[in-house]
Each structure stands twice: as structure tokens, then as C-alpha cells.
Ligand code: ZN
């Protein structure tokens, strides 16, 4: 599972004055900004650890083509055709249509394909097919090589809006596989796929440690029409890229120390065989290793891209511990029992014995596959339920990425536009990042794990409201405790001012600014957004008599302000009591009533105002990154150092990846 960044820190204005002040932003196009992140502490690492990071980073880059092909079967020839054009065109590069073509290519790189990375809709080119063909004709056939035979496929993919309209269709009632353009299933209907995997699961019934069926394969039909899995491993589909990943993992294994050495060995064996039991063995070894300073994820991990939630996209992250920041999560985990015992919930629903989650703060050294260029800010793995149950999970917060987001957002005008009071803005500036980090830590390390169910209550009793209510519970836990004196006592915050920053930001986001992510006419659907709205609106209503939270209009603009932070904290506690009761007792009706009353309906006038004010700031809603580059310093065949550098050119990095880390054929 992955935590995506909150919008509040994502904004960046595109006015020029801001650009000159923002060396963190290296490119901006369409609704995207590309940010550079730094890797503090890399230079001080011992050389063996630098070498290990270098090898793992190379492995992280070798699977890029896999993700392109997973996202849509035509993505590789489209990207490569555009890259040949970009490298060879000698015509007017100032023409509006050329700029549009360049923007399209930048978007394809960013999304790892022709569909938007967040909305999943196919991009609409802002240049004509005639122009495109004219550009190609001016270059001549030779530079295109084998790509020439894909010309028709590429043109149709780019210009025919009816082809591959969405990467992932989730509309209930339609055939979700035939209407999704991703390449996880080919020529099989949803009913066929469901029957295929139901049969597999039935054969494994009663196994308490089931493998993740279908995780690492495409489901398709053979020539005889029989349904088969094409497994992603060294000798199977995507084998050319996987062999490269293995090459670098073997180098990493050679310099790693136990127990990490064994973990890498499991992963190599899994890649060589495609055997999902070995993937489980890798995950078990990985989750047990909380001591290694360097850590990494490399594999077919998250299933958000598959409508059936079975197939995993390829991704990689290489990182090392941020020792200073880890102190924060260690202190929280060590005091887990105190937090539970003092939680503002009915004592009968407290956990008598809390098991702390292994949580740490990391510094990312390399992002790859589905974590690049857009990236999560927190990760909790592995995903297999039984491994989490029997062996636990690792939860990480990525500090240098949130730091870079934070830097890139400074001076974008967002807080000035939406936060009325200077004192609130000053607090956000001083404590905003600490408040965000602590809230995430409390939410992830303790919030989700706290409380217990009444005996006999089913964990699925809250049905479709369960994820909203669960996120609400974890958020309230974080909000309540961030303002507790215990936090000062533990040395985690200097004063209640940090909570004030968190509260003002949370209420503003929940009641107002998060609406900027919703299309006009739509209501709130996504469960994290619902939970924020639920908390903010409930506290507004409950505190109305005492004017705890207030709407203020100034110069025809609406603002939401918190008048009484102490009282608001009491309301968070009161609400947590009720939400925990609903969960512990499985009170579906009460949960449904709360969500439907507070979390779903959008006030259309307010929505319109937020969208207009947000648009006027010219803030790109999405952000992503360029990676650092590593270069080994050799003495003979021995690595004696690894140098890090920070490229400031998105296009160059993408062209370089296309040239040096592209191993798959056009058709897979
Ligand atoms: Zn959560």
C-alpha cells in the first residue's frame, strides 16, 4: 500500500517570478511540475554502502519498459517513435505544433504511457496528424528502423480517440477488462478471468498461506483459444528486462551483508523462476530485516492498476535510513501502549496489548517503474495479508521527497489565497512540515493498529463505508495526539503551536481546498477525501454553538478559520470515541449516516469558487521527480567511491533512460 501526497503541499505557481526563486523545479508542462530531490547523507555513507546503492539503483532503472508495456501494449512503440522524432527533427522547433508535440512526449514520459497517471484517461494531442506525418516524412525512414512497421499502430494510438480511451475502467456493470486499455489481460473477458482465478483459489482452499495468484503474469489465450498465464520472469514475458535486473541484483548480492544478502538471493531466484512461493520467501526475509541501513523494493508490487486487483505493476525504490528522523517514529512506537491506554475511546475497546509497527523514515536514493516520476510519500509493505498477519509489515515515510515537495511549494501563493489569518500562515511556514510528518507517523504507526472489535463483530461489518471510517479513525487518532502534552514531554514537538498548524490546515483542506481535485458537478468519492470532509464538517457542526470553527467572508472570498484550537481538540477526541464505537460494534447504520450526512455532498457554489481561485494561482496539481545520477569511481576493477550528481534537465534524463535502460521489444 502506498500513501500519495496531500494536495496542500503539492501546489506550485507557474508565474515567472516564482520560477527564478525555485531551483527545486526543473520543468513544468500541462498539469505537471517536475521537481529535483536531494539525497542528504549519501556522501557520508561508507563506500560499500554506496556501492550497494549504485547496483540497486541500476536494477531500479532496468524495469522501466515493463511498466510502459503493462500500462498499454502500444506504449513502447509510441514512446520510441516520439523519441526518434525528438532526436532527429531539424525543422522549426519554435512552432506551436512542435511545442505541442514536445509537451505530449513529456506527458508520455511522465505517465509511463499515453494515459494520464492519475485520471487514467488517454491524452489528447494538441497537434494534428498531418503535422505529425509531415515531421516524420522530413526525417526520413532510416532513423526509425523497425519502428516504421508500427507507424499505423502509433498514429491510431495517438490520434484515434475511440481507441484505448482509458487505462483503467472501474464502472460497475461494464466488462472491466475489455474496456480497460492496460495490458494485464489480453483477449479475455472479465467473466473468463474471474472464473480462471476462482478455480485456482478453490484448489487452494484452506491454505492459510496462499500465494498471490496472478500477481506476476498476463492472462491471455493461446492459439487454440485456451486461457493461459504468460508469467513475467527471466525466461518468460519481459525476460529481456528482467535479466538485466538480475544482472545488477547479483552485483548487489555480492557486496551486501547478511541477512540482506539472503533477501536479495530470494528475489533473484524468484525473478529467474517466476515462482510466487519464492516471492513470498523474499517478502518474509525482507520484512524481518529492520536493521540493514540500506533497503529497497524491486518487483511486481502494487495492484491499483488492475480492475480486478490482482496483477501488479513493476516498481522499485532504493533508500537508506534517515537516522535522525527515525528517532521520531521510534519514540512513537516505544510509547505505543501509553497512547493506547490514554486514547479517548471507551476503555472496553482499547487494546490490552499493542504491537508496535516497524516504522522508519527513509531517504530515497533512486525511484523506478511505478514510483517514477510520480511517487508515493509513504509505503507499507508487503501486501500479502497472511504475511502481514504472521510476520508484520514495514511502514516507511519518505523524508527527502516530502521535503522537496515542501520546498517546491513555497512561494506558490496557495496559503496566501486560502488562509485568512497571518498567524495561521506563519505557523504553517514554521511547523507545517513537522505537523504533516507527525500526523502521518501517528496515523500509520499507531492509528490503524489501535482499538479492538467487540467479540463476534465481523471486520467487514461496515461494508462499503469501512475504508472511509477506518481512515477517519486513524486521522482522528493523529489529530488528537498531535496536540497532547505527552508530545511535548517526549520531545517530539516544542509546543501546542504545531497542533495549531496541523488543525488549521486540516480543517481548511477538509472543508474547502481539497474540492480543487474534484470535477464540477461531482461529489466526494475517494475515501481519504471523504474522511477529511467528514471530520472537518462534523467538528464544524458540533462546535457551532461555541463558534469553534467559523466561515468568514472577506472581499467576496470565503475562508474557514479555527477560533478555538483547544476546544477543537476535544471535538476530535469526542468524535474518535464515536467512530471507534461504530467500528468496534460494527454499527453499519450509524457509520453510513455519518458519511452520507457529512462526507459526500459538495456545495456547488463553494466548489466553483474554490476551483476558480485555485485556477487563478496557476498551480499544477501533480508533481513528480528527476532522479539523481550515480557514477562509480574505479581503481582497476574495484569500486573505490560513488559520485552523486543532480541533473536539472527532465528531457535529458528521460532521453538517457530511453537510450540506456530500454531492453524490451516493441511488441511483448
Ligand atoms: Zn490510513
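Values quoted throughout were computed directly from the atomic coordinates according to the rules given, and no laboratory measurement underlies them. Bear in mind that the values here come from a model prediction, so they are computed numbers and not experimental data. FYI the Cβ positions are ideal-geometry reconstructions off the backbone, even for glycines, and counts take in every protein chain you see.
Quick notes
- Summed over all non-identical Cα pairs, the Kirkwood treatment of the stretch 456-582 gives a radius of 15.7 Å.
- Largest first and in whole Å, the equivalent-ellipsoid semi-axes of the stretch 241-305 read 18, 15, 11, each the square root of five times a Cα gyration tensor eigenvalue.
- A convex hull fitted around the alpha carbon atoms of the stretch 235-385 yields 158 Å³ per residue.
- Fraction of the pair-distance distribution of the stretch 364-419 above 15 Å, Cα-Cα pairs, percent: 64
- Å³ per residue enclosed by the Cα convex hull of the stretch 264-337: 137
- Relative pair counts by distance (%), Cα atoms of the chain, 20 Å bins: 17, 51, 30, 2
- C-alpha center-to-center spacing [the stretch 532-583, the stretch 628-668] in angstrom: 50
- Were the residues from residue 191 through residue 228 laid out at 0.36 nm apart, the gain over their Cα-Cα distance would be 11.9 nm.
- Computed extension gain for residue 551 through residue 337, at 0.36 nm per residue and net of the alpha carbon distance, reaches 73.2 nm.
- Of every Cα-Cα pair in the stretch 594-639, the percent that sits beyond 17 Å: 68
- Over every Cα atom in the stretch 520-656, the radius of gyration and the widest Cα-Cα span, Dmax, amount to 24.3, 76 Å.
- The stretch 332-478 - Debye-derived log10 I(q)/I(0), Cα point model, q = 0.12, 0.16, 0.17 Å⁻¹: -0.67, -1.07, -1.15
- Computed on the Cα trace of the stretch 311-353, the radius of gyration divided by the Kirkwood hydrodynamic radius gives Rg/Rh = 1.24.
- By the compact-protein rule of thumb, 2.2 N^0.38 Å, the alpha-carbon radius of gyration of the stretch 188-268 corresponds to a ratio of 1.44.
- From the alpha carbon centroid of the stretch 78-150 to that of the stretch 424-440 is 42 Å.
- Residue-averaged 222 nm ellipticity for the chain, from DSSP H runs of 4+ at -39500 (n - 2.57), nearest 500: -14500 deg cm²/dmol
- Rounded to 10°, Cα long-axis angle of helix 190-203 versus longest principal axis of the chain: 80
- Protection proxy ranking, highest mean first, for peptides 373-379, 186-192: 373-379, 186-192, where packing is the per-residue count of other beta-carbon atoms within 10 Å, averaged.
- Computed packing ranks the peptides 463-476, 193-206 as 463-476, 193-206, most packed first, by mean other Cβ atoms within 10 Å.
- Backbone N within the stretch 599-632 under 17 Å of label point (7 Å from residue 47 Cα along the Cβ vector): 631-632
- The chain: angle of helix 75-88 to the longest principal axis, Cα-based, in degrees nearest 10: 70
- Against the chain, whose longest principal axis is taken from its Cα atoms, helix 239-255 shows a tilt of about 60°.
- Considering only Cα atoms, the convex hull volume of the stretch 410-464 works out to 148 Å³ per residue.
- Over the Cα atoms of the stretch 496-544, the radius of gyration divided by the Kirkwood radius equals 1.02; this is the Rg/Rh ratio.
- Over the stretch 184-235, the reciprocal of the mean inverse Cα-Cα separation, the Kirkwood hydrodynamic radius, stands at 12.0 Å.
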